[in-house]
Each structure stands twice: as C-alpha cells, then as structure tokens.
1. Assign unit charges at the C-beta atoms only (+1 for Lys and Arg, -1 for Asp and Glu), then state the dipole size of the range A:1-136 relative to its Cα centre in Debye, rounded to the nearest 20.
2. From largest accessible area down, sort A:MET7, A:MET209, A:MET118; use a 1.4 Å probe on the protein chains.
3. Once ligands and nucleic acids are excluded and a 1.4 Å probe is used, how much of B:LEU67 is accessible, expressed in Å² to the nearest 10?
4. Cα to Cα, under 16 Å, and not fewer than 8 places away if on the same chain: which lysines meet these conditions relative to B:LYS5?
5. Using the structure shown, select from A:LYS230/B:LYS106; B:LYS65/B:LYS242; A:LYS230/B:LYS242; A:LYS63/B:LYS98 the pairs with a Cα to Cα distance greater than 24 angstrom.
6. Assign one of three labels to the range B:104-234, namely rounded, prolate or oblate, based on the Cα gyration tensor with a ≥ b ≥ c the square roots of its eigenvalues; rounded applies when a/c is under 1.5, prolate when it is not and a/b is larger than b/c, and oblate otherwise.
7. For the full complex of protein chains and a 1.4 angstrom probe, list A:LEU15, A:LEU126 by accessible area with the highest value first.
8. With a 1.4 Å probe and every protein chain kept in, tell me what percent of the accessible surface of chain B is carbon plus sulfur.
Amino acid sequence: MRIRNLMVKYGAITLITVILGISLALQIKTSNIASHESRDLTELQNNVRSYAEKNAELNDRNKALYSEIEKLRNDQLEGDINYQDILAEQEKLSVFAGLTAVQNSGVTVTLGMAGQSMITDSYVRLVVNELNALGAQAISINEQRKVATTEIRASSENIIINGVAYPRSEDFVIKAIVPPDQQDSIVLALETLKNALKEQIDSDQQIEMLISAEQKVVIPALNEDSIAYKTNLLNPVEDHE
Amino acid sequence: MTNNKKIIQISMTLILILSGLILGSHYVQVRSETSSTLNLAAIQEARLELVELQNVREELENDYKNLRKELNDLWFEVFDEEDAQQLELLDELTRIRKIAGLTEVKGGGIIVTINDKENYDPLADPIESIIHDQNIIYLIDLLINNGAQAVSINDLRIVNSSHIFCIGTTVLCNNQRTIPPYEIKAIGPQEQMKSALDADPIYLKLQEEPYQIRFSCVPVNDLIINGYETPDTITKDIEYLKIATDQEIQNISY
C-alpha cells in the first residue's frame with residue numbers, strides 16, 4: 001500500500017514537472033514570436049520611410065524636368081531660344097564631372113611615413129574617404145583629380161592613381177575644397193583621424209600627417225581621356241528596356 | 001522516510017514557485033495579446049503601404065525616363081540642324097552626362113549582395129556581424145580598383161558627389177536612407193572583379209565564424225545601372241567650386 005502511495009506521489013510530481021516544462025517551452029516560444037514581430041515591424045517601417053522619402057525626391061525631380069520642357073516649348077513658340085541655358089548647363093555638368101579645374105578655400109593633407117617605410121594605398125584611401133564623408137566637394141591626390149571611378153591601388157613600389165604611378169617612398173599631397181564654414185571642424189576631424197592612426201600603427205612604422213587649412217586650394221581637371229573616365233563597357237539603355 | 005518527505009516538500013515548493021512565475025508571465029502575455037494583435041495589424045498595414053509606394057516608385061521612374069527623352073528630343077528639335085556648332089554642343093552635353101553618371105547604362109557586370117548576420121543578436125554577436133558604411137566603401141574601392149566603370153548601391157548611382165555614411169542601423173547614400181541587404185551593382189570586367197572579391201581576405205574573414213555576414217556575388221551579362229537620380233541637387237553638390245583661371249591652373253605644381 002505504501003509503495004503504491006509513493007508511486008502515485010512520484011507519478012504526480014513527474015506529471016506536474018512535464019506539464020511545467022511544456023508550459024515553459026510554450027512561454028519562451030511565444031516571447032520569441034513577439035520579439036520577431038516587433039523586429040519585422042521596425043524593419044518594415046524603416047523601409048516605408050525610405051521609400052516615401054525617395055519617392056518625394058523623385059517627384060520633385062520630375063516636376064523640375066517638366067517645367068524645363070514647358071519653358072523650352074514656350075521659348076520655341078515665341079522663337080526665343082536661349083542657348084545660354086544649355087551652355088550654362090554644360091559648364092555646370094563639366095564642373096560636376098571633374099572636367100574643369102576648380103578653386104576655393106580648403107584643406108591640404110601631406111601623407112608620409114617616417115624612416116624607410118613606404119606608404120600603403122589603404123592610408124591614402126582612408127584620408128580620401130574621410131574627406132569625402134566630411135563633405136569635400138573636390139579632391140585631388142598629387143594633383144590627380146579624384147572622381148567616382150578613380151582607382152587608388154598599390155602596385156609594387158608605386159601607388160596608381162588614375163593610371164599614373166607615384167612612388168610609395170615619397171609623400172602624397174591630398175587637397176580638398178570644403179565648405180568654408182566647416183574648414184576648422186574638418187581640420188579637427190582629420191587631427192582625430194591622425195591620432196587614431198598613430199595609435200594603431202607600430203612605433204617603427206609611424207605615419208606622418210601634416211594637416212593645414214588653406215585660403216585657396218586649386219584642384220586640377222581630369223583629362224577626358226583619363227582611364228577613370230573609360231566608358232567603353234557602358235552601353236546606353238534603349239527606351240523599351 | 002522523513003528525508004523523502006522533505007525532498008517531496010522542497011520539490012513541491014519549487015514547482016509551485018515556478019508555476020506562480022509562469023502563471024504571472026502568462027497573465028502578462030495575455031494582457032499584451034491585444035498589443036500583439038495591434039502589432040500584426042500594423043505589420044499588415046506597413047506591408048500594404050510598402051507595395052503601394054513601390055508601385056508609385058515604378059511610375060515615377062518611368063515618367064522620368066519619358067520626360068528626359070522628351071527634353072533631349074526637344075533640344076535637337078529647337079536647335080538648327082544645319083549649325084554644326086550647336087549640334088556639337090548637344091553631343092558634348094550628352095557625353096558629359098554619361099561621364100558624370102547621369103545616364104542609365106547597361107553592360108556586363110556583377111551584383112554583390114551583402115547583409116548582416118542572420119538573426120543578429122547585439123548582445124551575443126560581434127559588431128562586425130552587421131554591415132557598416134566602411135564595409136560598403138571598401139567594397140566599392142575594390143570594384144573600382146578592378147576596373148568597374150559604373151557602380152550603384154541599392155540602385156543609387158555612385159557619382160563624384162556621393163557620400164556614404166552610417167545613420168543608426170541604416171546607411172545614407174546620395175542623401176537617401178538605404179537598408180540591408182545592400183545590393184552593389186558594378187559594370188566592368190566581370191572575371192577580374194569577381195576574382196578580386198572571391199580572394200579578398202577581409203570579406204572571406206567576415207563570412208566566417210563568429211561574424212557570418214551574408215555575401216553573394218553573381219555575374220550578370222546585361223546589367224542595368226541607374227543614372228544619378230537627383231540631378232537637381234548638382235548645384236548644391238558643387239556650391240563651393242569656383243572655376244579656376246588659366247593662371248591658377250599654371251601655378252599648380254607637383
């Protein structure tokens with residue numbers, strides 16, 4: 001009789017424990033689903049915001065283009081075509097594309113290595129990318145205009161920029177035209193980058209960065225036949241595509 | 001026997017405490033069920049809104065293509081066909097637009113897709129398991145150094161004025177928010193670009209434990225890359241660039 005009682009007791013405890021285990025597992029699962037739902041919703045809301053912002057911008061762009069067409073049509077009807085508009089457009093796009101030399105206030109960074117070390121392409125890219133992120137509107141490296149498709153890569157003892165080789169053993173001069181009101185803060189940000197780099201690199205391979213704000217920086221144009229402007233692999237898209 | 005009783009009593013106490021906790025938690029869960037239902041409704045609503053916005057985007061892009069073509073045709077219409085200088089000017093403008101990345105282009109290339117680690121857990125996973133601006137910039141530099149002639153991120157064309165940087169969990173490119181997965185399209189020498197990506201030590205490492213970012217690279221023969229989508233911002237992009245005089249250009253020395 002006592003053995004039977006004990007068996008009932010243990011049986012009951014086992015049953016309760018199993019039920020408890022199942023409830024616990026279900027509880028965890030429900031919590032996980034709730035957390036997934038919340039993440040999905042945030043992701044979707046970000047996506048919706050991103051699409052809405054971009055659509056608004058695209059709408060403005062189309063409106064501007066439509067106004068341009070209307071103006072040209074009116075000019076055509078009145079027999080008063082203003083060719084200066086297209087010349088101004090050409091000049092503007094030429095500056096944007098890097099085909100025209102430009103000048104204004106900016107910063108100069110002279111990049112070199114102490115001792116016998118040679119500078120690596122990644123340091124040059126790092127400074128250029130930092131200047132770009134800081135809002136530089138035109139950048140040159142050793143008087144080579146940096147455009148969207150400018151290559152900066154090491155090849156043995158040189159660094160190739162726009163197809164031109166520069167010795168890694170010599171200093172690299174990076175110039176940038178930046179918003180005048182941000183000149184000081186950009187110099188400060190570059191000093192921070194310099195200190196961070198100095199901490200990262202071994203003491204026997206010290207990087208040397210000379211940063212200065214300049215009243216006038218001249219950034220040369222990139223020649224249209226430069227390798228950076230190669231478009232031989234780019235075909236126009238037909239209307240029906 | 002007394003020992004057995006004690007063990008049973010302690011077990012029962014523990015089980016009851018645990019039951020209490022589960023019951024309490026379940027109560028909270030039931031209370032939050034209403035908000036969970038609301039959550040599901042919000043997800044459904046957001047999905048519908050997204051589909052609608054995607055349709056609007058498609059319409060806007062088609063409108064832009066038609067308007068751009070209309071404007072180009074109109075310029076050729078209003079210009080004097082006999083005047084070679086005027087036609088040359090239009091051809092020059094078309095060429096500059098292509099160089100500057102303002103036109104849609106097509107060619108052989110690759111599509112690289114990168115994404116955060118699946119089910120990224122900020123408490124357990126390293127920060128390198130999510131994609132940052134630097135990962136994207138590194139990838140673009142790698143593609144350009146291997147001959148890419150046109151590049152885009154999530155269909156935003158990379159041009160001279162493109163700035164890429166992180167804002168929270170999203171990446172800003174051409175002043176537009178982009179979210180993972182990041183699809184980077186590049187037209188250029190396919191094999192050279194793919195070999196460089198496959199052999200890149202940084203991306204090889206990032207795909208392994210513990211980072212496990214998601215990465216794929218697919219060659220595509222007729223890849224289409226959009227033109228820069230916000231040409232009306234060009235004036236702002238070059239706001240501080242004054243055209244240099246011949247004298248200033250001559251003084252440049254290297």
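The values are calculated or read from the model by the stated rules, or taken from the named source; none is laboratory data. Computed from a prediction, not measured in an experiment: that's the story for all the values here. FYI the Cβ positions are ideal-geometry reconstructions off the backbone, even for glycines, and counts take in every protein chain you see. We work out accessible area using only protein heavy atoms, side chains counted, and drop any ligands, DNA or RNA first. Shrake-Rupley method; radii C 1.70, N 1.55, O 1.52, S 1.80 Å.
1. Working: 13 positive and 16 negative charges, 385 e Å.
The calculation lands at about 1860 debye.
2. Values: A:MET7 130, A:MET209 10, A:MET118 65 Å².
Sorted descending by solvent-accessible area, the residues read A:MET7, A:MET118, A:MET209.
3. So the heavy atoms of B:LEU67 present about 20 Å² to solvent.
4. A:LYS9
5. Values: A:LYS230/B:LYS106 14 Å; B:LYS65/B:LYS242 31 Å; A:LYS230/B:LYS242 26 Å; A:LYS63/B:LYS98 22 Å.
Cα-Cα > 24 Å for B:LYS65/B:LYS242; A:LYS230/B:LYS242; rest within.
6. Values: a/c = 2.22, a/b = 1.27, b/c = 1.75.
Because a/c hits 1.5 or more and a/b fails to exceed b/c, the range B:104-234 counts as oblate.
7. On the way: A:LEU15 110, A:LEU126 60 Å².
Order by accessible area, largest first: A:LEU15, A:LEU126.
8. Details: 7560 of 14040 Å².
About 54 percent, which is the carbon plus sulfur part of the accessible surface.
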